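These notes are about the structure you will find just below.
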Amino acid sequence: MRFARYIALLLSSAAPAVAEDFSLSWPVECTLGDTCFIQHYVDDDPSGAASDYTCGKSTYNAHKGTDIRLRSRKDMEAGVKVLAAADGVVLGLRDGMDDVALTHANEADIKDKECGNGVVIRHAGGWDTQYCHMKRGTISVTKGARVTAGTPLGEIGLSGRTQFPHLHISVRKNGAQVDPFDPDGQITCGTPSQESLWDIDIPYSAGGVLAAGFSPAVPSFDTIKAGTADQPLAPDAAAIVFWTYAFGGQRGDILRMIITGPAGEIIRHDAVLEKDQAQFFRATGKKLRARQWPSGQYDGTAVLLRKDAMIGQSAATFTLP
């Protein structure tokens with residue numbers, strides 16, 4: 001059976017599943033909260049609205065999996081392994097799609113192939129896991145192969161319907177979508193389910209800061225997403241600019257950026273988000289007013305605040321002779 005047809009069959013509706021004896025290991029060779037982040041969860045709201053398993057906003061309408069993202073395309077290009085989350089047999093796979101971010105120009109090219117390069121694994125008891133957006137040419141398993149939890153399947157990529165490098169992992173029981181963070185499907189706002197398919201404790205992600213760095217001018221968003229925006233500064237640089245790359249922003253959030261130098265604080269800037277933004281960057285800085293900047297260490301600190309609570313932070317530093 002062809003990969004696309006198999007995926008379509010898995011999307012058929014059925015009743016919510018319970019965890020039983022099935023569990024999932026972490027499917028990416030990364031450190032959560034440092035080199036990778038959960039950006040989106042399953043949309044557990046059956047209406048036209050969207051909410052995750054905590055009744056939060058870290059999802060979007062009809063999203064059917066968990067998105068584990070990398071900080072940049074540079075990290076993707078270095079190679080981050082996707083791992084089988086449980087023992088099973090490879091039912092289907094696709095490879096050969098380019099790692100290109102979704103645009104209006106290429107949207108038609110991925111019709112019916114939104115998963116991009118991917119793998120489907122059948123597990124005991126009618127469970128299936130699906131791994132999407134993998135890097136072209138990295139899939140290392142074959143159809144019919146038996147795998148165990150932790151078996152490398154390939155690498156995180158940018159194929160299919162996506163705008164940032166990540167693994168989308170979906171879980172199904174007898175063809176029905178299952179949220180691994182709330183497998184019984186009984187959502188109670190304010191008191192999230194204590195049940196989970198994961199074999200480790202995974203803290204909830206309400207957003208966060210991916211990276212921060214310095215450059216002599218405000219970088220383009222493309223260079224930030226590529227992971228090449230951090231640039232060395234000379235003593236006579238026209239400006240010192242501190243930039244911050246974040247995700248999961250909500251209207252009213254504050255991205256606080258502070259630059260300190262050898263003589264103390266240089267600038268403190270609060271950027272207030274005017275709308276929800278899945279990924280975004282902000283920058284602040286100061287122009288050179290003398291012949292050169294003072295020698296010594298310069299530090300940048302970025303904190304993402306939501307109703308005075310910190311939901312992410314990052315820092316960067318450089319030294320001038």
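Going by Cα centres, the range 130-155 and the range 22-47 are how many Å apart?
17 Å
Work out, in µm²/s and without decimals, the Stokes-Einstein translational diffusion coefficient of the range 138-180 at 4 °C, 1.567 mPa s, Rh from Kirkwood over C-alpha pairs.
Numbers: Rh = 12.7 Å.
Reported coefficient: 102 µm²/s.
Just the number please: accessible area per residue for the chain, 1.4 Å probe, all protein chains included, in Å².
Result: 47 Å² per residue.
Counting just the Cα atoms, what span does the range 97-214 cover along each of its three principal axes? Round to the nearest Å and put the largest first.
46, 42, 28
Would you compute, from DSSP H runs of 4+ residues alone, the mean residue ellipticity of the chain at 222 nm, taking -39500 (n - 2.57) per run and dividing by the full residue count, rounded to the nearest 500?
Helices in the chain give a 222 nm mean residue ellipticity of -1500 deg cm²/dmol.
Roughly speaking, to the nearest percent, how much of the range 181-233's 1.4 Å accessible area is carbon and sulfur?
53 percent
I'd like the projected area of the chain, averaged over all directions, using the convex hull of its alpha carbons. Report it in nm² with one decimal.
Over every viewing direction, the Cα hull of the chain projects on average to 17.7 nm².
Along the charge dipole of the range 87-175, which of 163, 139, 120 sits closest to the positive end, that is, farthest toward it, with unit charges on the beta carbon of Lys, Arg, Asp and Glu (+1, +1, -1, -1)?
120
Pairs 225/286; 74/287; 173/225: which exceed 25 Å Cα-Cα?
Correct reply: 74/287; 173/225.
For the range 61-128, report the convex hull volume of the alpha-carbon atoms normalised per residue, in Å³, without decimals. Walk me through the numbers before you get to the answer.
Working: hull volume 9.7 nm³, N = 68.
Taking only Cα atoms, the range 61-128 has a hull volume of 143 Å³ per residue.
By average Cβ neighbour count within 10 Å, what is the ranking of 131-137, 226-232 from highest down?
Working: 131-137: 23.7, 226-232: 16.7.
Per-residue mean Cβ counts within 10 Å order the peptides as 131-137, 226-232.
Count the net charge of all other residues whose Cβ sits under 13 Å from the Cβ of residue 32, scoring Lys and Arg as +1 and Asp and Glu as -1.
-2
Check each of the GluC sites (Glu not before Pro) in the range 20-87 and keep only those in coil by DSSP with at most 16 other C-beta atoms within 10 angstrom; list them in order.
Within the range 20-87, the qualifying GluC sites (Glu not before Pro) (loop, at most 16 other Cβ atoms within 10 Å) are 20, 29.
So which trypsin sites (Lys or Arg not before Pro) in the range 232-321 are both in a DSSP loop and have at most 13 other Cβ atoms within 10 Å of their Cβ?
For trypsin sites (Lys or Arg not before Pro) across the range 232-321 that sit outside H, G, I, E and B with at most 13 neighbouring Cβ atoms in 10 Å, the list reads 251, 275, 289, 291, 307.
In whole Å, how far is the Cα centre of the range 260-297 from that of the range 181-197?
41 Å
The values are calculated or read from the model by the stated rules, or taken from the named source; none is laboratory data. Please read all numbers here as calculations on a predicted model, not as lab measurements. For neighbour counting, all protein chains shown are included, and Cβ atoms are generated from backbone atoms with ideal geometry for every residue, glycine included. Accessible surface is based on the protein model in full, side chains and every heavy atom, while ligands, DNA and RNA are left aside. Shrake-Rupley method; radii C 1.70, N 1.55, O 1.52, S 1.80 Å.
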